[in-house]
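First the structure, in the form of structure tokens, and then the observations on it.
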Amino acid sequence: MDPWGARVGRCRPAYFLHTMPSFALNSRAAEPRSLPAVALRPLSLAIALMLALTGEAQAQTPVVPAPPAAVPSAPPGALAEVTVSASGLQLGSSDMATPVSVLEGDDLLRRREATLGETLATEPGIQASHFGAGASRPIIRGLDGPRVKLLSDGAEMHDASTVSPDHAVVSEPLLATQIEVLRGPSALLYGGGAVGGVVNVLDGKIPTAIPAKGYEGSAELRANSGAREGAGAFQLTAGEGPWAVHVEGAQRDAGNYRVGRGWAPDGTPQRRVEGSTHRTDTGSLGLSWIGDRGYLGLAYTRQTALYGLPGHGHSPEDCHADGNRLHCGSHAVVDGVDPHAAGTVAVGRPVVDLRSERVDLRGELRDPFAGFSALRLRAGVTDYAHDEIEDGAVSTTFKNKAYDTRIELQHLPIAGWRGLLGLQTSQRKFSAEGAEAYIQPTWTRKTGLFLLEEYRWQDWRFEAALRHDRQAIDAATTGEARRHHGNSASLGAVWQFTPGYALGTSLTRASRLPTAEELYARGLHLATSAIERGNAALGAETSQNIDLSLRKTRGDTTFNVSVFRNRIQNYIYGRTLDALDGLQLLDYRQADATFTGLEGQVRQRLSRHWGVTLWGDVVRARLADGALLPRIPPARAALRLEGQWSAWDGYAEWVQVGRQNRVAALEEPTPAYGLLNLGASYSGQRSAVLGTPWQVYVKAHNLTDRLAFAHTSFIKSAAPLMGRNITVGVKVSF
């Protein structure tokens, strides 16, 4: 039975958009609500304004490609400057008040893995949650879940990955053109709850300029040995006059992945993780109208995935909470098998069958009216669902139907201050039906207003941000309704005290509002082997963060070092009250917590062709009473030798991950390990006539086949990290 009383078609985004203003939870919710209508009016006004103004511009002047953002070229011996799209003001990486990581070009090609979390896992300060091969989110400075905002070109990704670590992120790294990770004042543009940071994945699904030769694209094929994976992707953009069309697709198919030597989870040596298969298909079609002052485009994206859930146990299915204690009934042993023993799993590994459809609307208008330099629009409708299939039958179905709208207006300098103001709204209907429906259906509405300003004076750049958020969450089953609001503010400064050096600092006070899962979860969650109990009385948590960084971007020696301290008042966490046979009783509570850490990297150019990089990170986290928090990443250090000769590029890297024995109650420590990684690529032209660039690459991960466990994973014992893995690929651009 549909708990909402009116079912929305799973694969019908247009119908969902049409019915959004009339969402209803119960008889009381059927009354007129102002939020959806207010949220849609800015969208309608923005579309009308952009069409009118760009249409007028087209009648007066010829259509030309939109110019790229101007970024100063790097002087000899300096790191290349990169424009950070998520900064809001199109800043260069050296202008940011806090550290920013940007993967693009060959660097992105070398780092890409099957999931977003694994792609970013070797960046300083970033690790991955790791739930087998199909699901992995980035963890930034020890914070994950809803505290790390995931964006697709500035628009929030709407999936179910914040609900549980076994839910995949709806993003395909093979189709990304650039990945940005940032925190600090600009992160407030995307929500005060992003106290860990923001990950922005850029893509080309909506063209912003007409290709110079009328078309451009790329095709890539790759394979690896660790999971016997084959993957391929293509992108093509073509245009003439004011119109441009983009089509792209990617597919990957992988089997159970291989782990390092010496793994014997049940006393018997094993080399592959059962239930770690992974298959994904992604496709997008986009169309844009491009004028001399901007663009307006629409894209449709569909993704399907089928991946296994290793370590998915069923021993505690008849367990329940009796007060603050667990009770699992009798422990009768039948034929020598204890049905409640930890590690007992169902016959046949469970899999997730995921389907996601999204329609994106993006636009930008330069010089929209007097006093303003740009108007930007992001809007989307998402229809997401996945089935958890066990023994050939659907056990649980998760659905997430959402829309979001974001409008930014950038103004011209006023008394030397340049900045932008904006409005962001979203609406999310989430439901879970079946055996593991530990969260009742909820309806979440959010509205945020934000302001970002910068001021430059001599060698200084100052930045300030303000944000106000309001949230309403209604529960369908119990009829509970919770309302929250929060204010966030940030100040930052960058002092370029001498050419090539910059000292940055930021102070942030941010409010994160509780999620529906933290408020209303109640029941058995097998993916995390826990009975979770939400707390409807939870309030907003307040983060007070200070960040200090020093950067050097010129010369033979370059570096970026950052220290931070993040004190979070009323930190929301799951406290373990009891444990039995591998099952935990988690109660969501609030207490003050402190996160402190250090991260950085230094690169030394040895000669024209060789360089060496040292990078590392460490984070410490504990509650005010001294208790440690679970799944905090261990300290890491890495040494990488890089070489470049003519059309060849190569690297050799050793990553040392420390032992994590600073563990929470009832949490197991993980041993230290070291990984040897090698890689090489060759770039050339297919022919002098066609002038088509191509690139062949190979990379070896964990070449010594070391057994390694991710301390950040809920299933680290059941799914170690991948063992020796050789990846080969070829990419052609045209």
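The values are calculated or read from the model by the stated rules, or taken from the named source; none is laboratory data. If you're wondering where the values come from, they're calculated on a predicted model, not measured in any experiment. Methodologically, a virtual Cβ is constructed for each residue, glycine included, from the backbone with ideal geometry; neighbour enumeration extends over all protein chains shown. Note: areas computed on protein heavy atoms with side chains; ligands, DNA, RNA excluded. Shrake-Rupley method; radii C 1.70, N 1.55, O 1.52, S 1.80 Å.
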If the viscosity is 1.306 mPa s and the temperature 10 °C, what Stokes-Einstein diffusion coefficient in µm²/s follows for the stretch 155-306 when Rh is the Kirkwood radius over Cα pairs?
87 µm²/s
Computed ³J(HN,Hα) along the stretch 499-507: with the Karplus parameters 6.51/-1.76/1.60, θ = phi - 60°, integer Hz and x for glycine or proline, the list is x, x, 10, 8, 10, x, 8, 8, 10
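Could you compute the FRET efficiency for Leu421 and His320, with r as their C-beta to C-beta distance and R0 at 41 Å, rounded to 0.05? Don't skip to the answer; put the middle values down first.
On the way: r = 50 Å, r/R0 = 1.23.
For R0 = 41 Å, the calculated efficiency reads 0.20.
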Over all directions, the stretch 184-245 yields a Cα convex hull whose mean projected area in nm² is 7.6 nm²
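With a 1.4 Å probe and all protein chains kept in place, how do Leu491, Leu628, Leu188 rank by accessible area, largest first?
Result of the area sort, largest leading: Leu491, Leu628, Leu188.
Arrange the residues Met96, Met722, Met157 by how much accessible surface each exposes, largest first, with a 1.4 angstrom probe.
Working: Met96 5, Met722 50, Met157 25 Å².
Correct descending sequence by accessible area is Met722, Met157, Met96.
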Taking N as the number of residues in the stretch 634-704, what value does Rg over Cα atoms divided by 2.2 N^0.38 Å take?
1.72
Leu285 to Arg271: extension gain in nm, 0.36 nm per residue of separation minus the Cα-Cα distance?
1.0 nm
Averaged per residue, the 1.4 Å probe accessible area of the stretch 584-675, protein heavy atoms only, in Å², is roughly 50 Å²
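Rounding to the nearest 20 debye, state how big the charge dipole of the stretch 134-248 is about its Cα centre with +1 on each Lys and Arg Cβ and -1 on each Asp and Glu Cβ.
On the way: 9 positive and 13 negative charges, 74 e Å.
Using only the charged Cβ atoms, the result is roughly 360 debye.
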Give me the percent of Cα-Cα pairs in the stretch 543-589 that sit more than 16 Å apart, rounded to a whole number.
66 percent
Amide H contacts of Leu707 (H built 1.01 Å from N, under 5 Å, at least 5 apart or other chain)
Arg261
Can you pull the accessible area of Ser683 for me, 1.4 Å probe, Å² to the nearest 10?
40 Å²
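When the chain is fully extended, how far beyond the present Cα-Cα distance does Ser683 get from Arg565, taking 0.36 nm per residue of separation? If you can, show how the numbers build up before the last one.
On the way: separation 118, 0.36 × 118 = 42.48 nm, distance 4.29 nm.
My answer for the length gained is 38.2 nm.
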If you count only protein heavy atoms and use a 1.4 Å probe, how large is the accessible surface of Lys213, to the nearest 10 Å²?
120 Å²
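Relative to the present Cα-Cα distance, how much length would full extension add between Thr477 and Val730 at 0.36 nm per residue of separation? List each step's numbers first, then the result.
Details: separation 253, 0.36 × 253 = 91.08 nm, distance 5.21 nm.
Extra length available between Thr477 and Val730 comes to 85.9 nm.
Run the accessible area of the stretch 254-324 with a 1.4 Å probe and give the carbon-and-sulfur part as a rounded percent.
Details: 1530 of 2870 Å².
Of all accessible area on the stretch 254-324, carbon and sulfur atoms account for 53 percent.
Using heavy-atom solvent-accessible surface (probe 1.4 Å) with all chains present, what is the largest-first order of Glu123, Glu104?
Working: Glu123 20, Glu104 75 Å².
Largest to smallest exposure gives the sequence Glu104, Glu123.
Taking the Cα centre of the stretch 432-556 as origin, work out the dipole magnitude from +1 charges on Lys and Arg Cβ and -1 charges on Asp and Glu Cβ, in debye rounded to 20. List each step's numbers first, then the result.
Numbers: 15 positive and 15 negative charges, 70 e Å.
Dipole of the stretch 432-556, to the nearest 20 debye: 340 debye.
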Just the accessible area for Phe369, please: 1.4 Å probe, Å², rounded to the nearest 10?
90 Å²
Enumerate by residue number the trypsin sites (Lys or Arg not before Pro) in the stretch 109-159 meeting two conditions: DSSP loop (anything except H, G, I, E, B), and at most 13 other Cβ atoms within 10 Å of the site's Cβ.
none
Here D for the stretch 435-569, in µm²/s, from Stokes-Einstein with a Kirkwood Rh over Cα pairs at 4 °C and 1.567 mPa s, works out to 72 µm²/s
Under 23 Å Cα-Cα from Lys401, which lysines qualify once same-chain neighbours fewer than 8 residues away are excluded?
Lys149, Lys205, Lys429, Lys446
